[in-house]
1. For the range 208-234 and the range 1-63, write down the distance between their C-alpha centroids in whole Å.
2. Determine the percent antiparallel among the DSSP beta bridges restricted to the chain, to the nearest 5.
3. Measure of size requested: the Rg and Dmax of the range 205-316, with Cα atoms as the atom set and Å as the unit; please supply both.
4. Once each part is reduced to its C-alpha centroid, what is the distance from the range 261-311 to the range 375-400 in angstrom?
5. Using +1 on the beta carbon of Lys and Arg, -1 on that of Asp and Glu, and nothing else charged, what's the dipole of the range 170-277 about the Cα centre, debye to 20?
6. Residue farthest toward the positive end of the dipole of the chain, with Cβ of Lys/Arg at +1 and Asp/Glu at -1: which of Leu183, Gly102, Gln255?
7. Would you work out which of Ser406, Tyr365, Gly350 lies farthest towards the positive end of the dipole of the chain, given +1 charges on the beta-carbon of Lys and Arg and -1 on that of Asp and Glu, about the Cα centre?
8. Do any of Lys206/Lys415; Lys180/Lys219; Lys55/Lys382; Lys180/Lys289; Lys55/Lys180 go past 32 Å between their Cα atoms, and which?
Amino acid sequence: ATADDWRGRSLYQIITDRFAPPSDTAPARTSPLPSTCDPLAQTWCGGTWLSIIDKLDYLQGMGIDSIWISPVSRNIDVYTPYNYAYHGYWVNDPTTLNPRFGTESDLLALSSAVHERGMYLMVDIVVNNIPSLSVSASLSSSSLAADNSYWTDPSDFHPQCWIDYSNATSVEYCWLGDDKLPLMDVNTENPNVVQTLQSWIANFTKAYTIDGLRIDAAKHIPGDFWPGFCGAAGVFCTGEVYGSDIGFASQFQTQQWMDSILGYPLYYSLVNAFGAPMANMSAFVDIGKQVLSSFPHPEYLANFLENHDLPRWRNTTVDPQLAYNAIVAQHIFDGIPLIYYGQEQDFGDGAADPHNREALWPSDYANTTTYQRIGRLNKIRKAVIANNTQYAGHNFLDSRATFIASSNYDVAFRKGPILAVLTNRGSPSQNATFGVGQTGFTSQSDIVE
Ligand code: ABC
Ligand code: CA
């Protein structure tokens with residue numbers, strides 16, 4: 001699917017190991033299965049590609065029509081200083097599937113089940129780095145063999161150096177991870193590496209009918225690598241560009257490196273605006289405007305309030321009213337709304353990695369108020385998109401959000417036929433006045449609350 005196919009979608013992020021319990025009928029991929037899933041144990045809890053299928057009804061009940069699943073490629077399968085690769089990011093062979101989560105036919109079954117429902121499938125891709133337990137400062141063919149690395153020649157990697165985030169070159173060429181578990185930086189200028197990755201991704205997206213890619217650590221590879229890679233993939237690419245620097249992040253679109261990035265800049269603005277009662281609403285207004293003016297296609301950005309690297313929203317603030325207001329902003333502002341599994345269940349114990357990667361099944365997939373409100377927002381989005389609802393010649397998807405009014409604690413913005421009026425006053429409710437003078441709706445217009 002293309003970026004334009006994606007922009008009206010609602011996306012849901014899944015860590016395969018944690019989203020749905022292993023079903024009784026499918027072969028267990030992890031043994032022994034833990035009796036409870038303790039995120040601090042950092043080991044497999046048993047979720048698989050097949051078990052995701054059992055919970056697609058639950059997702060559709062919330063208006064979700066696309067899923068992003070954690071990396072599917074083979075990982076190191078040994079004990080490390082950070083325990084086990086249950087999350088799937090320690091890919092040591094991008095070209096082979098991870099037997100912990102299923103077989104080729106299982107991934108095909110998931111892809112078919114998703115498509116039968118008219119949903120899209122996005123897969124997380126790790127190409128920047130390969131974990132190492134044996135290599136520290138020196139790379140050699142024998143250490144790479146000991147690590148069971150797909151790349152076998154030292155020239156397939158950049159020489160060892162740790163990333164210095166104040167140095168742009170270092171961010172691209174040095175290594176993620178640390179001396180306990182180095183993530184060796186793949187030499188993405190080596191023509192053999194480039195060629196191999198391109199033909200693999202072209203085959204992979206076709207073989208499994210993948211609709212989109214979430215590109216891990218996208219800012220750690222020089223931008224000119226991506227057009228060839230995403231071009232070969234032939235599908236929507238959204239990159240992880242972790243950070244609040246809009247000038248840096250917007251290059252991914254202005255330089256046409258890839259279609260989209262994850263909406264980190266908007267995320268920081270929403271935390272600053274709604275992350276505490278009576279916080280800083282101008283952060284949303286200021287950053288929101290900068291996002292709209294800096295990105296040529298803000299409608300392709302994937303906007304989130306939580307992910308597997310960040311604290312849960314409800315860990316930052318327990319106030320449900322603040323969460324609901326932030327969720328509305330996330331769904332009505334330009335972009336593809338993205339829910340992290342468990343957000344709809346108000347998970348809030350998770351400070352950060354690894355606490356924020358709880359199993360979803362103890363929630364019993366309950367019909368929570370948050371679940372219902374996300375569902376309602378998706379119904380509104382779907383309705384105005386499907387009907388191409390216009391106001392004064394502006395429909396939802398083609399128009400940009402416009403800030404209409406704001407105070408320290410309130411904000412109003414329009415996007416096509418929808419007006420969002422939000423507050424960060426939080427709980428308990430209080431009497432307050434917020435004037436929204438110029439809604440753009442003429443007097444006596446019919447509106448639906
Ligand atoms: C493991 C353990 C952890 C332990 C850690 C050191 O090692 O589990 O308990 O603390 C995977 C696993 C992790 C694992 C790591 C390392 O591998 O999921 O559990 O942690 O082994 C992606 C994925 C992420 C994944 C990897 C590695 C990459 O989403 O899940 O981790 O394949 C950087 C990278 C980013 C990466 C992220 C974790 O680290 O850029 O790709 N995510 C600054 C930098 C960011 C940086 C961030 C965090 O710090 O700019 O680039 O992200 O280190 C804002 C600023 C930002 C700033 C933030 C913190 O503050 O604007 O710039 O971000 O205000
Ligand atoms: Ca790199």
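The values are calculated or read from the model by the stated rules, or taken from the named source; none is laboratory data. Please read these numbers as outputs of a predicted model, since none were measured by experiment. In this analysis, Cβ positions are derived from the backbone assuming ideal geometry, glycine residues included, and neighbour counts consider all displayed protein chains. Just so you know, the surface numbers come from the protein's heavy atoms only, side chains and all, with ligands and any DNA or RNA stripped out. Shrake-Rupley method; radii C 1.70, N 1.55, O 1.52, S 1.80 Å.
1. Value for the Cα centre distance between the two parts: 23 Å.
2. Values: 22 of 48 bridges.
Roughly 45 percent of the beta bridges in the chain run antiparallel, per DSSP.
3. For the range 205-316, the Cα radius of gyration and maximum Cα-Cα distance read 15.0, 50 Å.
4. Their Cα centres are 21 Å away from one another.
5. Values: 4 positive and 11 negative charges, 54 e Å.
Using only the charged Cβ atoms, the result is roughly 260 debye.
6. Gln255
7. Ser406
8. Details: Lys206/Lys415 36 Å; Lys180/Lys219 23 Å; Lys55/Lys382 21 Å; Lys180/Lys289 41 Å; Lys55/Lys180 37 Å.
Violating the 32 Å Cα-Cα cut-off are Lys206/Lys415; Lys180/Lys289; Lys55/Lys180.
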